[in-house]
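**Student:** This is the structure I want to talk about, given as structure tokens.
The values are calculated or read from the model by the stated rules, or taken from the named source; none is laboratory data. The shown structure was predicted, so the numbers you read here are calculated from the model rather than taken from an experiment. Here the Cβ positions follow ideal geometry from the backbone for every residue, glycine too, while neighbour counts run over all protein chains shown. Each accessible area value is taken on the protein alone, full model and side chains, heavy atoms only, with ligands, DNA and RNA left out. Shrake-Rupley method; radii C 1.70, N 1.55, O 1.52, S 1.80 Å.
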Amino acid sequence: ASFLLLCFRTHLVTSLIFCLLLQPPHTQPSIITQPNIVLLMADDLGIGDVGCYGNDTLRTPNIDRLAKEGVKLTQHIAAAPLCTPSRAAFLTGRYPIRSGMEAINNYRVIFWNGGSGGLPPNETTFAKILQQQGYSTGLIGKWHQGVNCESRNDHCHHPLNHGFDYFYGMPFTLVSDCQPTEAPEMDRIFRRKLWLYTQMIGLITLTAALGRLTDLISIRWKTLACLTGFSLLFFVSWFSSYGFIQQWNCIMMRNHEVTEQPMVTDRTTSLILTESISFIKRNKHKPFILFLSFLHSHTPLLTTEKFLGRSHHGLYGDNVEEMDWMVGQVLDTVDDEGLKNTTLVYFTSDHGGWLERQEGNRQLGGWNGIYRGGKGMAGWEGGIRVPGIFRWPGVLPAGTVIDEPTSLMDIYPTVVHLAGGVLPQDRVIDGRDLMPLLRGAVEYSEHEFLFHYCGIHLHAVRWHQKDSGAIWKAHYVTPIFHPPGAGACYDRGFCPCFGERVTHHDPPLLFDLSRDPSEAEPLSGDTEPFFDTVMGRIGRAVEEHRRTLTPVPEQLSVYNAVWKPWLQPCCGTFPFCWCDKEADN
């Protein structure tokens, strides 16, 4: 009996094991925990400059390859139409007005490496969270979020104080002043006024001196000496900064060390590419995030000889095509190192193309396709609608196009969740995790409303009415173009946010972007039966949004914006700041 019982038990166990083996395996989640992340951000690139967004005359095969192998967003929105606030929002997942990175004045971006404003140390960037999750975090290229607060070496706004293990690039941004052969770009109208005032004061001083020497004017020598001293002091006060822009702003840094002052622009592109590839290779055995913040396609459009004259759109086109080649080199490195299936790659621009950037007959700014407006204009689509492309083979469906409203701020929660991190609970995060939308798990974006600021001024609001499919956009303020009907502010170089050169609309201009993406035909109560309903709902959303705002220090105040010699990064003994450590290497 015991033998029969033993046989029965043996048969039972064997049968159970056999049945278990026949069971289909549980489906493993296709998403990889802690993937590598490569974030590619162009500078001033218009959405109309890219092949996969409709441009058939500029060659961007590598960016187009990303879209073919991944997901393309057609309504990807920057949180601001200028570099500094847009990038602050990208890094923090928050509207820049929450961190004090929007301006109450006309200084809407960081103006000097030697200024005291910048991304506040108490802001938590995605790099800081990923660093805590064990990621290697690198930033190569443009920063433009400030450097120091109170002393030359406190580095309170520096990338390494915001979660990046490694930084190589420009703490500022490219400007035409970095290229001696180009016309000055930075604050050029203000500089002309300063020169005029200097000449007027100098002429008055010279006239008084000649009058005193010839006894034609009765003036005391002491008064004349004071006038002369004032003239010199006035000249030195502004020329010590504006006269040396190349020396103070056009510098390269590796971590906290200044490596080129001024930068040698002929080799900048190759160094940034080499640093990016090197970062990927030396960190391939652990999770990493690389934020490659291109200097392309901002003026002065640094382009190597290999690409000069290759495009159909002059120097700007050459520069864009070179940037696309750089994208290809980074993608090839990811693929060659066997990281393609474990790496999320993202491509975008910080805001729309700069329509007003011209020199004579040369157009040096980008094209925003069918969208109205451009860089500096917070309300019109051309200033804020940017490329948004994701690639992650095996996780994101290839060749997908998504028309839902999304934001550059969404990158923050997306990468934090992928890294296994937790979003800060002590502050408002405006971005939304994009992975469910990108993978097709949900149909709609989580954004119902998006708020479009120009400085601290709310210019427009977007409402995604999901039940109807409409995307309403109300403009409270719009810039006055010059010349009239030109589509930009060509007389100033930038459209203002406030003052006499803007129009306040009451009732607001209303468009349905799902039917009129070019914002050509404003709706009214006569042409849109739901006009009052839509405006009422948007108005309530604005009130709710404003209740979430809290006062914070203004990082772009006039005081923070001005150049301070004691904060200027310097690779020598100030003011004798000069070095070329890349040549020494």
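**Student:** Give the residue, chosen from ASP516, ASP467, that is out of contact with any Pro (no Cβ under 7 Å at 6 or more places or on another chain) and at pLDDT below 95.
**Tutor:** Only one candidate qualifies: ASP467.
**Student:** Residue by residue through region 148-198, note down the ones that are part of a helix (DSSP H, G or I) and closer than 30 Å to LEU273 by Cβ.
**Tutor:** Within region 148-198, PRO159, LEU160, ASN161, SER176, ASP177, CYS178 meet the criteria.
**Student:** Check whether at least one residue in region 122-133 is over 14 Å from the mean Cα position of the chain (by Cα), of a type outside the set (A, V, I, L, M), modelled with pLDDT under 95 and within 27 Å of ALA378 (Cα to Cα), and report yes or no.
**Tutor:** No, region 122-133 contains no residue that is over 14 Å from the mean Cα position of the chain (by Cα), of a type outside the set (A, V, I, L, M), modelled with pLDDT under 95 and within 27 Å of ALA378 (Cα to Cα).
**Student:** Now for a separate question. Look at region 237-258 and say how many of its residues are aromatic (Phe, Trp, Tyr) and surrounded by fewer than 15 Cβ atoms within 10 Å (Cβ to Cβ).
**Tutor:** 1
**Student:** For region 527-585, what are the residues that are part of a loop (DSSP other than H, G, I, E, B) and either in contact with an Asp or Glu (Cβ under 6 Å, 6 or more places away or on another chain) or closer than 17 Å to GLU257 by Cα (or both)?
**Tutor:** Scanning region 527-585 gives GLN568, PRO569, CYS570, CYS571, GLY572, PHE574, PRO575, CYS577, TRP578, ASN585.
**Student:** Out of region 311-326, which residues are among the small types (Gly, Ala, Ser) and surrounded by 22 or more Cβ atoms within 10 Å (Cβ to Cβ)?
**Tutor:** Across region 311-326, the qualifying residue is only GLY317.
**Student:** Name the pairs whose Cβ atoms lie under 8 Å apart, with the first residue in region 84-104 and aromatic (Phe, Trp, Tyr), the second part of a helix (DSSP H, G or I) and open to solvent by less than 10 Å² (accessible area, probe 1.4 Å), and 6 or more positions between them or separate chains?
**Tutor:** So the pair list comes out as PHE90/LEU408; PHE90/MET409; PHE90/ILE411; PHE90/TYR412; TYR95/ALA89; TYR95/MET409.
**Student:** Within region 295-315, is even one residue among the aromatic types (Phe, Trp, Tyr), modelled with pLDDT of 95 or more and in contact with a Leu (Cβ under 6 Å, 6 or more places away or on another chain)?
**Tutor:** No, every residue in region 295-315 fails to be among the aromatic types (Phe, Trp, Tyr), modelled with pLDDT of 95 or more and in contact with a Leu (Cβ under 6 Å, 6 or more places away or on another chain).
Yes/no per residue for (1) closer than 26 Å to GLY374 by Cα; (2) of a type in the set (S, T, N, Q); (3) open to solvent by 70 Å² or more (accessible area, probe 1.4 Å):
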residue: CYS495; (1), (2), (3): yes, no, no
residue: PHE498; (1), (2), (3): yes, no, yes
residue: PRO508; (1), (2), (3): yes, no, no
residue: LEU523; (1), (2), (3): yes, no, no
residue: PRO529; (1), (2), (3): no, no, yes
residue: GLY536; (1), (2), (3): no, no, no
residue: VAL552; (1), (2), (3): no, no, no
residue: TRP563; (1), (2), (3): no, no, no
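**Student:** If the requirement is being surrounded by fewer than 23 Cβ atoms within 10 Å (Cβ to Cβ), out of contact with any helix residue (DSSP H, G or I) (no Cβ under 6 Å at 6 or more places or on another chain) and touching a residue at least 24 places away in the same chain (Cβ under 8 Å), which of these qualifies: GLY54, GLY70?
**Tutor:** Exactly one of GLY54, GLY70 is surrounded by fewer than 23 Cβ atoms within 10 Å (Cβ to Cβ), out of contact with any helix residue (DSSP H, G or I) (no Cβ under 6 Å at 6 or more places or on another chain) and touching a residue at least 24 places away in the same chain (Cβ under 8 Å), namely GLY54.
**Student:** Do you know which of the residues in region 444-481 that are out of contact with any strand residue (DSSP E or B) (no Cβ under 8 Å at 6 or more places or on another chain) and either in contact (Cβ under 8 Å) with a residue 24 or more places away in the chain or of a type in the set (D, E, K, R) (or both) is surrounded by the most Cβ atoms within 10 Å (Cβ to Cβ)?
**Tutor:** GLY455
**Student:** Can you name every residue in region 259-273 that is crowded, with 17+ Cβ neighbours inside 10 Å and not charged (D, E, K, R)?
**Tutor:** The answer is THR259, GLN261, PRO262, MET263, THR265, THR268, THR269, LEU271, ILE272, LEU273.
**Student:** Being modelled with pLDDT of 95 or more, farther than 17 Å from LEU567 by Cβ and of a type in the set (Phe, Trp, Tyr) is the filter here, so list the residues in region 135-194 that pass it.
**Tutor:** Residues satisfying the conditions are TYR135, PHE164, TYR166, PHE167, TYR168.
**Student:** What helices (runs of 4 or more DSSP H) lie completely within region 221-290 and have 1 or more residues being without any contact (Cβ under 8 Å) to a residue 60 or more places away in the chain?
**Tutor:** Once the helices (runs of 4 or more DSSP H) in region 221-290 are filtered for at least 1 residues that are without any contact (Cβ under 8 Å) to a residue 60 or more places away in the chain, what remains is 221-242, 268-282.
**Student:** Then there is this: Hey, could you check region 71-104 for residues that are outside any helix (DSSP H, G or I) and within 23 Å of LEU174 (Cβ to Cβ) and say which is modelled with the lowest pLDDT?
**Tutor:** Here the answer is ALA103.
**Student:** List the pairs whose first member sits in region 143-158 and is closer than 10 Å to ASN113 by Cα, whose second member is open to solvent by 10 Å² or more (accessible area, probe 1.4 Å), and whose Cβ atoms are under 6 Å apart, counting only residues at least 6 apart or on separate chains?
**Tutor:** Between residues of region 143-158 that are closer than 10 Å to ASN113 by Cα and residues that are open to solvent by 10 Å² or more (accessible area, probe 1.4 Å), the close pairs are HIS144/ILE110; GLY146/ILE110; ASN148/ASP154.
**Student:** Looking at (1) at pLDDT 95 or above; (2) out of contact with any Asp or Glu (no Cβ under 9 Å at 6 or more places or on another chain); (3) on the phi < 0 side of the Ramachandran plot; (4) open to solvent by 60 Å² or more (accessible area, probe 1.4 Å), which one does GLY338 not meet, given that it meets all the others?
**Tutor:** Here GLY338 clears every test but (3).
**Student:** Can you find a residue in region 199-216 that is open to solvent by 30 Å² or more (accessible area, probe 1.4 Å), at pLDDT below 95, in a helix (DSSP H, G or I) and within 30 Å of ILE272 (Cβ to Cβ)?
**Tutor:** no
**Student:** Shifting gears a bit: Any residue at all in region 480-501 that is touching a Ser or Thr at 6+ places or on another chain (Cβ under 9 Å) and either part of a strand (DSSP E or B) or closer than 17 Å to SER407 by Cα (or both)?
**Tutor:** no
**Student:** Does any residue of region 360-371 turn out to be closer than 20 Å to GLU102 by Cβ and surrounded by 24 or more Cβ atoms within 10 Å (Cβ to Cβ)?
**Tutor:** Within region 360-371 (the criterion being closer than 20 Å to GLU102 by Cβ and surrounded by 24 or more Cβ atoms within 10 Å (Cβ to Cβ)), the answer is no, since none of the residues qualifies.
**Student:** Restricting to region 127-147, give me the number of residues that are touching a strand residue (DSSP E or B) at 6+ places or on another chain (Cβ under 8 Å), open to solvent by less than 30 Å² (accessible area, probe 1.4 Å) and assigned to a helix (DSSP H, G or I).
**Tutor:** Summing the residues that are touching a strand residue (DSSP E or B) at 6+ places or on another chain (Cβ under 8 Å), open to solvent by less than 30 Å² (accessible area, probe 1.4 Å) and assigned to a helix (DSSP H, G or I) in region 127-147 gives 2.
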